[in-house]
1. Across region 74-94, what is the total count of residues that are within 13 Å of the ligand (Cβ to nearest atom) and of a type outside the set (S, T, N, Q)?
2. From the residues in region 101-118 that are of a type in the set (Asp, Glu) and near the ligand (Cβ under 9 Å from one of its atoms), which one is surrounded by the fewest Cβ atoms within 10 Å (Cβ to Cβ)?
3. When residue 189 is evaluated against the numbered criteria (1) in contact (Cβ under 8 Å) with a residue 40 or more places away in the chain; (2) surrounded by fewer than 18 Cβ atoms within 10 Å (Cβ to Cβ), which criterion, by number, is the only one it fails?
4. What residue, of 39, 98, is buried (at least 16 other Cβ atoms within 10 Å of the Cβ), in contact with a Phe, Trp or Tyr (Cβ under 9 Å, 6 or more places away or on another chain) and modelled with pLDDT of 95 or more?
5. Would you point out which residue out of 21, 68 is buried (at least 22 other Cβ atoms within 10 Å of the Cβ) and not in a helix (DSSP H, G or I)?
6. Can you say whether residue 45 is free of Cβ contacts under 8 Å to residues at least 12 places away in the same chain, in contact with a Pro (Cβ under 9 Å, 6 or more places away or on another chain), at negative phi and more than 12 Å from the ligand (Cβ to nearest atom), as far as the supplied structure shows?
7. Can you tell me which residue in region 234-262 is surrounded by the most Cβ atoms within 10 Å (Cβ to Cβ), limited to those that are aliphatic (A, V, I, L, M) and in a helix (DSSP H, G or I)?
8. Looking only at region 63-73, which residues are within 12 Å of the ligand (Cβ to nearest atom) and touching a strand residue (DSSP E or B) at 6+ places or on another chain (Cβ under 8 Å)?
Amino acid sequence: MSDSKARTASRLPTTIDTSVAHEARVYDYWLGGRDNYPADRALGDAIAAHVPAIREMARANRAFLARAVRFAIAELGVTQFLDIGTGIPTAGNTHEIAQRIDPAARVVYVDNDPIVLAHARALMASTDEGATAFVHADLHDPAAILAEPVLTETLDLDRPVALMLVAVLMYFRDEDDPHGILARLLDALPSGSCLVITHPTADFDARAMKNVVLASEQAGITFYPRSRAETENLFAGTEILDPGVVPVVTWRPDLADDAAATTATDPESAWYWAGIGRKP
Ligand SMILES: C[S@@+](CC[C@H](N)C(=O)[O-])C[C@H]1O[C@@H](n2cnc3c(N)ncnc32)[C@H](O)[C@@H]1O
């Protein structure tokens, strides 16, 4: 392994404020990571009080990400990834999964949290044949992401790309125009590219999710669950592939690392909708 092709770009403030909760660190706490602080753990615990299975749900979301990467390579032949809302590095980052299957796979990570930037080197230990890069940018500004030189140096935008928005669009209300942002990003990608989304939902337990929204808002974090239909709408401009937008644990469990060991078959065990759409 070498990181000789690793590149980082940052135009946002890089100061890490540990006094307030941050999405990336709360999620890291649920996944059992170490990059979190008392404010993050307080919000993580407040949410867990309403959703006791939140840690398993976070792991189920993460396990989907791995299946989606395998699916993109094995079934769609897509070996380039634009992973926006990357999160703090954890076991099984996108480039590790992808380059295990195809060492020449190329990955650009994008996240706006300075703590993810601080860990960016761990995201960029690329194979020699492939390439990885990290862009410290905000999904609210897709034009800035697309204009970033390290993105175009790392990904060949004439070849299909898997655009991954895994557990990030819930920070965008409709008035933040997630549809316009997605359209702008998809527009820059060629036919045969795919869109990978997971999205938390209140469809399984509206009351618990309402409390999650309130706890997040009290900590200054927007959290906007979407219904199945609303999640399907995020795939506009793509053809949603089988099995459709489904509960995250039921999306192609056969693609799991150890499919035989997969036990979570209860569709309601993780409150995320998941799907993959293909740009015609
Ligand atoms: C819940 S984590 C999901 C991490 C990873 N995608 C996964 O599913 O395992 C959400 C990530 O999105 C990032 N994020 C939130 N809002 C963002 C924005 N406007 N632009 C870029 N990244 C954002 C957070 O910093 C965090 O790292």
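The values are calculated or read from the model by the stated rules, or taken from the named source; none is laboratory data. This structure is a prediction, so every number in the text was calculated from the model and none was measured. Note: ideal-geometry Cβ built from the backbone for every residue, glycine included; neighbour counts use all protein chains shown.
1. So the answer is 10.
2. 113
3. Against the list (1) in contact (Cβ under 8 Å) with a residue 40 or more places away in the chain; (2) surrounded by fewer than 18 Cβ atoms within 10 Å (Cβ to Cβ), residue 189 comes up short only on (2).
4. Matching residue, one of 39, 98: 98.
5. 21
6. In short, no.
7. 248
8. 64, 65, 68, 69
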